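Input: a single structure, listed below in structure tokens.
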Amino acid sequence: MSVTDKQVAALHAQLAGRPLEEHLRLFNKLDQTDNVGYAALLAAGLFEAIRRRFVRDGKAADRSEIIEFVAVVRAAGDESSDAVNPDVAEQVILHALGRGPLPDFDDETVLGHQIILLSALNAQANYSDAELHAFMVQIRADADELLE
């Protein structure tokens with residue numbers, strides 16, 4: 001199994017800041033067999049975005065920087081900020097940084113936080129079209145590797 005062009009297009013639409021309707025249209029075209037590939041793409045994207053944001057010179061940021069980032073996400077004032085549980089968000093980031101296992105959160109909670117955190121990290125990175133394309137190429141390769 002590998003990541004499909006449809007999965008990449010759906011996530012790209014979201015990360016490129018296109019209208020929500022476009023992302024949902026593309027996402028809703030994915031059939032149930034696409035869930036694993038899309039989840040792998042999302043996870044690979046989040047891990048890479050966290051690494052880019054919170055690792056400098058091979059050293060992970062301290063917890064206070066993570067707490068501050070989560071607070072900024074929650075203070076954004078959009079609908080997703082209400083959906084962010086700071087404990088879950090911090091644990092997802094810490095896990096991605098190799099600082100312990102992810103507590104036993106339900107899959108829906110983790111998925112929701114992954115989407116919000118990836119979108120927030122992407123918005124903060126403010127990628128050009130070329131940089132976003134390169135990011136998507138990298139995370140697709142990473143996700144394909146996860147699926148092998």
- Query: Looking at the range 34-111, what helices (runs of 4 or more DSSP H) fall wholly within it and have at least 3 residues that are more than 25 Å from ALA143 (Cα to Cα) and of a type in the set (A, V, I, L, M, F, W, C)?
  - Reply: 63-74
- Selection from the range 113-147 of residues modelled with pLDDT of 95 or more, under 21 Å from ILE93 (Cα atoms) and of a type in the set (Val, Ile, Thr) yields ILE139
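Out of LEU111, LEU132, LEU118, I need the residue that is closer than 24 Å to GLY17 by Cβ, surrounded by fewer than 17 Cβ atoms within 10 Å (Cβ to Cβ) and under 15 Å from the mean Cα position of the chain (by Cα). Which one?
Working: LEU132 fails: surrounded by fewer than 17 Cβ atoms within 10 Å (Cβ to Cβ); LEU118 fails: surrounded by fewer than 17 Cβ atoms within 10 Å (Cβ to Cβ).
Exactly one residue qualifies, and that residue is LEU111.
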- Query: What about GLU22, is it farther than 18 Å from ALA143 by Cβ, at pLDDT 90 or above and either surrounded by 12 or more Cβ atoms within 10 Å (Cβ to Cβ) or hydrophobic (A, V, I, L, M, F, W, C) (or both)?
  - Reply: no
- Given the residues LEU30, LEU41, which is the only one that is out of contact with any Cys (no Cβ under 6 Å at 6 or more places or on another chain), in contact (Cβ under 8 Å) with a residue 24 or more places away in the chain and within 17 Å of HIS113 (Cα to Cα)? LEU41
- Message: So, GLY45, is that one small (Gly, Ala, Ser) and under 15 Å from the mean Cα position of the chain (by Cα) or not?
- Response: yes
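The values are calculated or read from the model by the stated rules, or taken from the named source; none is laboratory data. Bear in mind the structure is a predicted one, so any value in this text is a computation, not a measurement. Cβ: placed from backbone, ideal geometry, glycine included. Neighbour counts: every protein chain shown.
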